[in-house]
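Only one structure is covered here, and it is reproduced in the block below.
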Amino acid sequence: MTDQPVPPTVWLADDRGYGMRPLVPQGTCGQYKWDAIEAVNTVPVTETIVHQVPVVAR
C-alpha cells in the first residue's frame, strides 16, 4: 500500500451542516479503487474550508 498515491480527503455535508467523511473503497489487497475516487472528483465543490493545525515542537 505504500506505493500508491494518497486519495483526496473529502467531507460530504448536507444543508444543515452535518457532515461525514466517507471511506475510500479498497480491494482485497488494500489498494484503493480509483474508479470510486474519480467518481467523487466529479461531484461539484460548493465550499472549501481550511483549518490551520498548530504544530508544537517538544
TODO: Could you check how much of the accessible area of the chain is carbon and sulfur, as a whole percent, using a 1.4 Å probe?
DONE: 57
TODO: Pop out the ³J(HN,Hα) list for region 16-31 in order, Karplus 6.51 cos²θ - 1.76 cosθ + 1.60 with θ = phi - 60°, rounded to Hz; leave Gly and Pro as x.
DONE: 8, x, 6, x, 8, 10, x, 7, 7, x, 10, x, 5, 8, x, 7
TODO: Let me have the 222 nm mean residue ellipticity of the chain computed from DSSP H runs of 4+ only, each contributing -39500 (n - 2.57), with the sum over all residues rounded to the nearest 500.
DONE: -3500 deg cm²/dmol
Open item on the list: Let me test this: with uniform point scatterers at the alpha carbons of the chain, what is the Debye-based log₁₀ I(q)/I(0) at q = 0.13, 0.14, 0.16, 0.22 1/Å?
Closed with: -0.50, -0.57, -0.70, -1.00
- [ ] Write down the accessible area per residue of the chain in Å², having rolled a 1.4 Å probe over the full set of protein chains.
- [x] 100
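The values are calculated or read from the model by the stated rules, or taken from the named source; none is laboratory data. Note that the structure is a prediction, hence the values are computed from the model and not measured. Note: accessible area is taken over every heavy atom of the protein model, side chains too, but ligands, DNA and RNA are not part of it. Shrake-Rupley method; radii C 1.70, N 1.55, O 1.52, S 1.80 Å.
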